[in-house]
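Worksheet: one structure, shown below.
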Amino acid sequence: MAENLANSTTREQVMLRVVYTLWYIWKAKCEKVMQGKEIDVWSTIRNILFATKEWSYMNAQYKLGRSQDMPDFKIRGWEKPEGSWLKINCDVTFNVDTGDTGLGVVVQNSEGLLVDGTGKHVQVDSLEVMKALALKMVADLAKQKGFQNIIFEIDLKVVMDEI
């Protein structure tokens with residue numbers, strides 16, 4: 001039993017490190033592309049290690065029943081759509097100074113499997129244009145592929161407030 005728990009913890013730690021590594025590499029790449037910021041490898045590694053340790057600590061506190069001492073926040077994870085519905089997620093990155101914009105769209109089914117996706121890099125003049133392009137990209141993909149029952153999610157509060 002103890003061996004299974006140790007293996008489970010080790011697997012969880014490895015997966016956690018992989019997730020944070022991919023996230024921080026993606027973040028560094030976006031900062032370089034969108035802001036011209038040089039990639040600091042050691043800073044990226046420190047961020048990965050710190051985030052991993054912080055998550056592990058908070059997770060241990062929760063498992064020990066000390067969640068009342070933890071900050072009050074809600075984590076809402078991705079949820080699969082039901083039945084024949086598809087979920088379209090859109091993510092946008094925008095550099096206000098240069099107008100460089102990255103748009104990405106993924107479509108997943110009720111199994112959580114990738115059905116389709118697209119992405120592009122464009123230049124825009126304003127947040128309003130960026131928001132319009134994000135919505136147009138989603139609408140174009142849905143129309144082009146003939147998607148019917150769709151749920152749209154975007155990780156950009158200002159866009160959702162406009163819908």
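A few remarks follow.
- Under 18 Å from a label point set 7 Å out along the Cα-to-Cβ vector of GLN148, the amide N atoms of the range 95-112 belong to 108-111.
- For ASP116, residues with placed amide H under 5 Å, excluding near neighbours: VAL107
- Across the range 40-50, coupling constants 3J(HN,Hα) worked out from phi with the 6.51/-1.76/1.60 Karplus curve, θ = phi - 60°, read 9, 4, 5, 5, 4, 5, 4, 4, 4, 5, 5 Hz, and Gly and Pro carry x.
- For the range 30-39, 3J(HN,Hα) computed residue by residue from phi via the Karplus equation (6.51, -1.76, 1.60; θ = phi - 60°) reads 4, 5, 5, 5, 8, 10, x, 6, 5, 7 Hz, glycine and proline entered as x.
- Calculated FRET value between VAL18 and GLN123, using beta carbons and R₀ = 41 Å, to 0.05: 0.75
Computed from the coordinates by the stated procedures, all read-outs in this text should not be read as laboratory data. Source: prediction; values computed, not measured. Every residue, glycine among them, receives a Cβ derived from its backbone with ideal geometry; neighbour counts consider all protein chains shown.
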